[in-house]
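Colleague: Have a look at this one.
Each value in this text was obtained by applying a stated rule to the coordinates, not by laboratory testing. Remember, predicted model here, so these are calculated numbers, not experimental data. No Cβ is skipped: glycine too gets one built from the backbone with ideal geometry, and neighbour counts run over all protein chains shown.
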Amino acid sequence: MTPQAAVERAYRECEAITRREAKNFAYGIRLLRPPERRALSAVYALARRIDDIGDGDEPPERKLEALAEVREQLEAVDGAVEQVADGAARDPVLVAVADARSRYDLPMDAFGALLDGCEMDVVGTTYPTIDHLVVYCRRVAGSIGRLSLAVFGEAHEPEANGLADDLGVALQLTNILRDVKEDGRRGRVYLPAADAAACGCPPDLSDDRALGRLVAFECTRAEEWFARGLALLPMLDRRSQACVGAMAGIYHRLLRRIARDPMAVTRERVSVPSSEKLWVAMSCLVAANASGPLARAEGIS
């Protein structure tokens, strides 16, 4: 197999992973041009691998070993594309990431930050205050924003990386609120202890009524992060605006569903219907091709 054929196969594998596993990310990524779509699929596939290690059933010490192995692989990723020529590369995800890096100058330290965040999950880090939680959110979600900016071509905008981090915090806070009961069953508590105490909620979040008050409070906080992060959109080209707008819009709708009924997260997993996700994505694409700020599109706000 030629190096180029191996790279093409690697990207196809990453796109298949994205279609199969991404519940919200895929709706935005579909709106990009093919080269950028393939690069972000490679980013997602590797991020998914890291996340799966952290969420897997292995004991903590084995998870940490597996994460360390990924770090070592990333250090050698520069040579992955060349290794295809002699058949040495057997990992299509790493081959695709290496190619995407060569084309878009991906900030590989962002993958390192993601690994740091996953390690926090593995060792059972808890969060006394919102400032501690924001560090985690920037590592596991802001890192993906910074990688995406490199693909979009806006990585060197003075304010763009900070705004991508802010939007990542908004998305991750929304994830945390949606999964609060599921995470609790796995022994993970992300919501800040200081906020829980202020809402009369026990540290283990075992009082559903008090948890509802805490969730309502954190929804307001997440809205503030969305307001800051969405300022990123005018810095992006129209296709990239549509991509980010669709992903942010889907999560923003999820947050507002939770805010309307904070107790819902104690009863079930709150979600946005697929038909509504598709509508948000198409609304953002139409808005991106029209005049006026995309942030005003109905799908986002």
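Colleague: Counting other Cβ atoms within 10 Å, keep those with at most 16, restrict to DSSP loop, and tell me which GluC sites (Glu not before Pro) in the stretch 142-199 are left. Kindly include the intermediate steps, with their values, before the conclusion.
Modeller: On the way: sites: E154, E159, E182; in loops: E154, E159.
Taking the stretch 142-199 and a limit of 16 other Cβ atoms within 10 Å, the loop GluC sites (Glu not before Pro) found are E159.
Colleague: Please turn the phi angles of the stretch 16-25 into ³J(HN,Hα) values with the Karplus equation 6.51 cos²θ - 1.76 cosθ + 1.60 (θ = phi - 60°), one per residue in order, whole Hz, x for glycine and proline.
Modeller: Running phi through 6.51 cos²θ - 1.76 cosθ + 1.60 with θ = phi - 60° gives 5, 4, 5, 4, 7, 9, 6, 8, 10, 4 Hz.
Colleague: Also, I was wondering about something else. Quote the relative contact order of the stretch 126-301 in percent (integer), defining contacts as alpha-carbon pairs under 8 Å separated by 6+ residues.
Modeller: For the stretch 126-301, the relative contact order is 24 percent.
Colleague: Shifting gears a bit: Kindly give the semi-axes, whole Å and largest first, of the ellipsoid equivalent to the chain, taking each as the square root of 5 times a Cα gyration tensor eigenvalue.
Modeller: Working: eigenvalues 201, 121, 50 Å².
Its equivalent ellipsoid spans semi-axes of 32, 25, 16 Å.
Colleague: Determine the calculated [θ] at 222 nm for the chain from helices alone, applying -39500 (n - 2.57) to every DSSP H run no shorter than 4 residues and normalising by the residue count; nearest 500 deg cm²/dmol.
Modeller: Helices in the chain give a 222 nm mean residue ellipticity of -21500 deg cm²/dmol.
Colleague: If you don't mind, another one. Any chance you could check the Cα centroid distance between the stretch 119-140 and the stretch 221-295 for me, in angstrom?
Modeller: 24 Å
Colleague: Could you list M263, M247 so that the one with the fewest beta carbons within 10 Å of its beta carbon is first and the one with the most is last?
Modeller: Details: M263 14, M247 28.
Ordered by Cβ neighbours within 10 Å, fewest first: M263, M247.
Colleague: Ranking R101, R30 by Cβ neighbours within 10 Å, fewest first, what do you get?
Modeller: R30, R101
Colleague: I'm checking a number: the convex hull volume of the Cα atoms of the stretch 168-268, normalised per residue, in Å³. What is it?
Modeller: For the stretch 168-268, the hull spanned by Cα atoms encloses 91 Å³ per residue.
Colleague: How high is the relative contact order of the chain, in percent, with contacts defined as C-alpha pairs under 8 Å that are six or more residues apart?
Modeller: 19 percent
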